[in-house]
1. Could you list, ordered by first residue, the pairs with Cβ atoms under 9 Å in which the first is in the stretch 37-54 and assigned to a helix (DSSP H, G or I) and the second is surrounded by 12 or more Cβ atoms within 10 Å (Cβ to Cβ) and of a type in the set (Lys, Arg), at least 6 apart or interchain?
2. Any residue at all in the stretch 5-28 that is surrounded by 12 or more Cβ atoms within 10 Å (Cβ to Cβ), touching a strand residue (DSSP E or B) at 6+ places or on another chain (Cβ under 8 Å) and at pLDDT 90 or above?
3. Output the number of residues of the stretch 31-40 satisfying the condition of being closer than 12 Å to residue 55 by Cα and buried (at least 16 other Cβ atoms within 10 Å of the Cβ).
Amino acid sequence: MNREEKLKAYDQFFVNSLAGKEFMESLSKMIDSAHKSAEDSPELARDYTQHARGIRQVKEHIDGVMTQIKKGQPMSE
């Protein structure tokens, strides 16, 4: 799959579909929940923080694919 195809597919799902929007919202809620759990359970804070970091990496990948640089090419594949 080339960059343009991936950009189009990601945009169609993550931006233009209800399911994609709900998925992105779910990721945000999971990150918030993991941080709250870290605050509530200091002995497991590192685990919850790492969990939030992993979810954030997924969001960053999606955002990175959909971000255009000045020459019109997506930032990542």
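The values are calculated or read from the model by the stated rules, or taken from the named source; none is laboratory data. Computed from a predicted structure; not experimentally measured. A quick note on method: Cβ atoms are made from the backbone with ideal geometry, for glycine too, and the neighbour counts reach across all protein chains shown.
1. These pairs meet every condition: 48/36.
2. Checked against the condition, which is being surrounded by 12 or more Cβ atoms within 10 Å (Cβ to Cβ), touching a strand residue (DSSP E or B) at 6+ places or on another chain (Cβ under 8 Å) and at pLDDT 90 or above, the stretch 5-28 yields at least one hit.
3. 2
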